[in-house]
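Working notes for the structure below.
The values are calculated or read from the model by the stated rules, or taken from the named source; none is laboratory data. The model shown is predicted, which means the values in this text are computed figures rather than measured ones. Positions of Cβ are generated from backbone atoms using ideal geometry, with glycine treated the same way; all protein chains shown enter the neighbour counts. Ligands, DNA and RNA are stripped out before the accessible areas are found, and what is left, the full protein with its side chains, is counted by its heavy atoms. Shrake-Rupley method; radii C 1.70, N 1.55, O 1.52, S 1.80 Å.
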Amino acid sequence: MKRILMIVFAAALLCFGCATQGPIISYPKTPDLKKDSVTVTIEQKQSVIDPAEVIRDKDYFIKDRATFVISVPTDYVEESAEKDTENIRNADELSDGDSSTGRNNAARYSRAPNNIELYNTSGYFNYTEQQIEKALMKLGYRVIDRSKFEAKLREQRRIATSMHASGVVRERVDRAAFDQLRDISELVRAAQDGDIRSDYILQVNKVEIGKTYEEENLSINPEVEAFRDKYPAIAHEILKVYRFPEYSAKFNAKLIDVESGRIVWIGSHEVTSRNVLGQDINVKFILRQYVNNEKQVRKFVDEQNTEEQRKIRGKDPVKLPEWQYDYKLETSVHPDLNKLEENLEEDAASGQRFSETQDKFFNHRDKLLKLVTSMLIQTIRGY
């Protein structure tokens, strides 16, 4: 009888131990990746001439149907020729030694933005000059081909150099020989030549295209502020002022009356990508929220499911660790001019889609040149 009681008591103890052992805990479901975004629209804008950048002689009236000749700075022309030669050499190298292929692609290569002196090529100035000519002709003016004008200047330079060598009129010839394309008196004498007979010289001082950045104030955008308040952990990453990349074209010139040598107009203007894109720029801030402690949570569950821990906790409830999150903020811009430039560099390195990507960039550049020249030339007649 005593033996039977001992067996029953042992069994009871065993059952009691089984009854107090905690249950197996299942792994909790990991929260899904959370994605949220806010888009800022940067509207395209119309270019406007700054009156402070255009000065006209108020007492002077520019003749109707007048004749113009365009003068380009000497250093631009010389650097253009040097850059064309370099472009052919570089294009030859890209064509694996096939010189004919390289020379055919030289014009394309000259448009790549990673070149030194980005736009100093004769093709670039030829296009710019054509846009200036068109703008003048739209105003009813006549334009003389620049080649005749430059030929006359070269002839004067040759004569001046010869006179300098012989010691004749040294001071005047120094200016004419070494700086005559910038010297108004020499320009006027060339324009007065019988073969030229121009009423005006449009002297181009600068035509420049380059990379720039424009700033957009996001602190006044209510949607961005609400997004920043919603996710305080990444609020500092959303800049209050966003700088987006674009290109700008600058044009500066002056108009000289050939008969008197009088400067009757000076103008300067700048346009940017925002003026020619033909669409708004969308800047999208994309937030990705993801769990960063999934391994720790699973490890905690595994530990709680051991025999020892189940006995210790018994029927007491188990509180799982809270999920912890990391955030990643990405910025997407469309259209993205930075991406266009990156594609050009990649294409130059790989040789793939080279001309297609460059054509997109070249077309954008042409729009900038066309707008900046036409707008400034129109001010010759007034606003």
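At-a-glance table
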read-out: Length gained when the stretch Ile49-Asp326 is fully extended (0.36 nm per residue, less Cα-Cα span); value: 94.9 nm
read-out: Inter-probe distance in nm under a simple model that places probes 7 Å from Cα toward Cβ, at His334 and Arg381; value: 4.2 nm
read-out: Surface accessible to a 1.4 Å probe, Asp145 within the full protein complex, Å²; value: 90 Å²
read-out: Most to least accessible of Leu320, Leu368 (protein chains only, probe 1.4 Å); value: Leu320, Leu368
read-out: Estimated distance in nm for a label pair at Glu307 and Ile42, the labels positioned 7 Å out from Cα along Cα-to-Cβ; value: 6.7 nm
read-out: Cα-based shape type of the stretch 231-359, given that a ≥ b ≥ c are square roots of the gyration tensor eigenvalues and the cut on a/c is 1.5; value: prolate
